[in-house]
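Shown next, in structure tokens, is the structure this report addresses.
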Amino acid sequence: MTGRMVIAALAIFSWATSAPAEEVTTFTLDNGLEVVVIEDHRAPVAVHMLWYKTGSADEPIGSSGVAHFLEHLLFKATETMERGEFSDIVAANGGSDNAFTSYDYTAYFQRVAADRLELMMKMEADRMENLRLTETDIQTERQVVIEERNQRTESRPGALAQEQIMAAQYQNHRYGVPIIGWRHEIEDLNLEDAIAFYELYYSPNNAVLVVAGDVEPADVEVLAKKHYGAIPPEPGLPARIRPEEPPQRAERRLTFVDERVSQPYLTRSYLAPERNQGAQEQAAALVYLAELIGGSPFTSLLGTRLQFDRQIAVYSGAGYNPNALDDTTFSISIVPAEGVTLSEAEEAMDTVIKEFIEEDISPEHMESIRAQIRAGEIYAKDNVQGLARRYGAALTQGLTVDDVKEWPNVLQSVTPEDIKSVAKLIFNRDQAVTAWIVATREDAR
């Protein structure tokens, strides 16, 4: 490394280690609405996000997809706005809006000029309390959701395979049910299902309001009290207790056959711990494990040994999402090279896992990932909408504002010993689902 490169690297390191934390203020309204304000005065823009602590994993049995279905329906009429008027008003004020549903939350957001924030609050509070649905809305939007499932799932063999993998991984927990829902249950969703879900879960004591951008906390508090404060809490809100998985005592295997699969591949997922309130260390170590074993093909163990050294695979990767309310998964995928069977590829993958457990972690690789993670955390502060999403997701998944603030430090404190410990914990075939995805039965060998 040249002297100039060393100076540049030191400058980046100094910037990354000394970057200030975002300014975050929190308060709770009398009706239970949690409010998070993230100040960023670099541009006259505000992001308004309302998060409900309910997602597909909170749905009644037999009504899969109702959380996502209701997300669509919230863009229909209220007592004061006509169908589609909400988004039209946002657009007319130079903003953008959308919504999304996950296993653990449903969120609605608008990005507007900061002086339009009150209008966003007024409209969002209106549809928290005054949604007005008709049978026509149900029939129309149900067909839209079915078409969405056709496009995103039914037309993609990989998505269909992933549904089967999740269903095998979670035999009791609702993470085993697709967020969009099973098609046969979507087709039966009705007005009563939507209204019951809305009236129970769309209440201030089940929501988190996140406002980020060119705003002052005191002003946000005044507006929040004015527009959300009068909405009564839901007295019958149930405790958020999901069915737990029984102990998995044997590996689960499946072969998914679909003639549209262009190239056979295999994937294995292991049950893994998520980020927990005040205890995020295991999750942080798993973030490193995913990078070390299956991150970049040029530096990860799977990439260098299977794609380059032995040319057994044309693709390899590992993935871990620490953000969940309950146990999540750690996954590894391999696409064999031409002439390599799935059996051979799986054996080679298991050899690499065994080697990782036995060998020392390269200090250079470890520090490279640490620097990469540090830089990613710093760059994330430039995206005000991303910051709002980070806090909203965390607070609807059992974490606190302090957990979010501490997460970058937890990531930086991970040691090789921590990574080895979680690797030995999760790389247990008795807690794994191994899937072969093929075009024909003949490919499954």
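Rounded to the nearest Hz, the phi-derived 3J(HN,Hα) couplings of the range 238-253 under the Karplus curve 6.51 cos²θ - 1.76 cosθ + 1.60 (θ = phi - 60°) are x, 4, 8, 10, 9, x, 8, 6, x, x, 8, 10, 8, 4, 10, 10, where x marks glycine and proline. Compute log10 of I(q)/I(0) for the range 197-316 with the Debye formula, placing one identical point scatterer on every Cα and leaving out solvent, at q = 0.15 Å⁻¹, to two decimals. For the range 197-316, the Cα-only Debye profile gives -0.99. For residue 315, nonlocal amide neighbours, meaning residues 5 or more places apart or on other chains whose placed amide H falls under 5 Å from its own, are 335.
In this simple spin-label model, placing a label point 7 Å from the Cα along the Cα-to-Cβ direction at both residue 190 and residue 258 gives a separation of 3.2 nm. As I understand it, the value is the acute angle between the Cα axis of helix 401-412 and the longest principal axis of the Cα atoms of the chain; what does it come to in degrees, rounded to 10? Helix 401-412 sits roughly 20 degrees off the main axis of the chain. Rounded to the nearest 20 debye, the dipole size of the range 314-445 about its Cα centre is 560 debye, using +1 on the Cβ of Lys and Arg and -1 on the Cβ of Asp and Glu.
Relative to the longest principal axis of the Cα atoms of the chain, the long axis of helix 135-149 makes an angle of roughly 20 degrees.
Here the 3J(HN,Hα) profile of the range 269-281, calculated from phi with Karplus coefficients 6.51, -1.76 and 1.60 at θ = phi - 60°, is 10, 10, 4, 8, x, 9, 5, 10, 4, x, 8, 9, 5 Hz, Gly and Pro shown as x.
Taking residue 122 as the anchor, which lysines have their alpha carbon closer than 25 Å to its alpha carbon, excluding any fewer than eight residues away along the same chain? Counting by Cα, and skipping residues close in sequence, residue 122 has these lysines nearby: 53, 76, 225, 226.
Computed extension length for residue 183-residue 250: 21.2 nm, one decimal, from 0.36 nm per residue of separation with the Cα-Cα distance subtracted.
Helix 384-396 and the long axis of the chain differ in direction by around 90°, with both axes built from C-alpha atoms.
In order along the range 161-167, phi translates into HN-Hα couplings of 5, 5, 4, 5, 5, 5, 5 Hz, rounded to whole numbers, per the Karplus curve 6.51 cos²θ - 1.76 cosθ + 1.60 with θ = phi - 60° and x for Gly and Pro. Between residue 405 and residue 115, the distance separating the two model label sites (each 7 Å from Cα on the Cα→Cβ line) works out to 3.3 nm. If you take every DSSP beta bridge fully contained in the chain, what fraction is antiparallel? Give it as a percent rounded to 5. Antiparallel bridges: around 80 percent, rounded to the nearest 5. Per-residue ellipticity at 222 nm from helix content only, as computed over the chain with -39500 (n - 2.57) for each DSSP H run of at least four residues, stands at -13000 deg cm²/dmol. Rolling a 1.4 Å probe over the protein heavy atoms gives the range 74-224 an accessible area of 41 Å² per residue. Hull volume per residue, based on the alpha-carbon atoms of the chain and their convex hull, is 161 Å³. FRET efficiency for the pair residue 443 and residue 98, taken as 1/(1 + (r/R0)^6) with r the Cβ-Cβ distance and R0 = 35 Å, rounds to 0.35. Per-atom-type breakdown for the range 93-192 gives carbon and sulfur 43% of the accessible area (1.4 Å probe, protein chains only). Amide H contacts under 5 Å for residue 329: 272, 321, restricted to partners 5 or more places along the chain or on a different chain, H placed in the peptide plane at 1.01 Å from N. Note on residue 135 and residue 164: the model spin-label points, each 7 Å out from Cα along the C-beta direction, lie 3.9 nm apart. The loop-placed GluC sites (Glu not before Pro) in the range 76-109, going by DSSP, that have at most 16 neighbouring Cβ atoms within 10 Å of their Cβ come out as 79, 82.
The values are calculated or read from the model by the stated rules, or taken from the named source; none is laboratory data. The shown structure was predicted, so the numbers you read here are calculated from the model rather than taken from an experiment. When we count neighbours, we look across all protein chains shown, and the Cβ atoms used for this are built from the backbone with ideal geometry, even at glycine. Just so you know, the surface numbers come from the protein's heavy atoms only, side chains and all, with ligands and any DNA or RNA stripped out. Shrake-Rupley method; radii C 1.70, N 1.55, O 1.52, S 1.80 Å.
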